[in-house]
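First up is the structure itself, then whatever we jot down about it.
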Amino acid sequence: MIAMTEGPRTSRVSEEFREILAEEILKLKDPRVGFVTVTGVKVSPDLRRAWVYYTAMGDERERRSSAAALRSAGPHLRRVIGAQVRLKVLPELTFEEDDTEQAAERIETLIRKLHQGERGAPAPRSSQGKRGAPAPRSSQGERGAPAPRSSQGEEDERG
């Protein structure tokens, strides 16, 4: 992967390309293009290459079909950019599926599984307070709130 720094000009050009491509992809007549959202565009500092990041809805087959349709529409989309943006050189477009959402979903699933595992395992209890001394017992819970009362025949202290 090529390391690039986004300067003010390249970030402006990237955003302009993203807006143009997002509108133009919706107009494509290729039936293989499913529900595609352009999530970002990264332009090389010399403006000769542009990486178009997108998400596509559907199963694996539909997403591969959308990817093929975008590659096929690349020359047309490049001409559209050339008609709307004044640049010396039209950038070579490379389409890459943005898997950020899928990665976030995987992480969320892992976190959920970890929390379910914690609920199933007994919580470690310590009867020791600071510096090894036994923790004081009081009718006050954490932060001064009254401790929850058990319902096993204890009398109400309020009277």
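No value in this document is a laboratory result; all are computed from the given coordinates. All values derive from a computational prediction rather than experimental measurement. Here the Cβ positions follow ideal geometry from the backbone for every residue, glycine too, while neighbour counts run over all protein chains shown.
In table form, for the structure just shown:
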| item | result |
| --- | --- |
| LEU87/PHE35 FRET efficiency (R0 30 Å; Cβ-Cβ; nearest 0.05) | 0.50 |
| Estimated FRET transfer efficiency when R0 is 22 angstrom, pair LEU26-THR109 (beta carbons, to 0.05) | 0.10 |
| Per-residue Cβ neighbour rank within 10 angstrom, fewest leading, ILE111, ILE81, ILE25 | ILE111, ILE81, ILE25 |
| Cβ-placed point charges (K, R +1; D, E -1), dipole of the stretch 15-99 about Cα centre in debye, nearest 20 | 460 |
| Calculated from backbone phi, Karplus (6.51, -1.76, 1.60) coupling profile of the stretch 64-69 in Hz, x at Gly/Pro | 5, 5, 5, 4, 5, 5 |
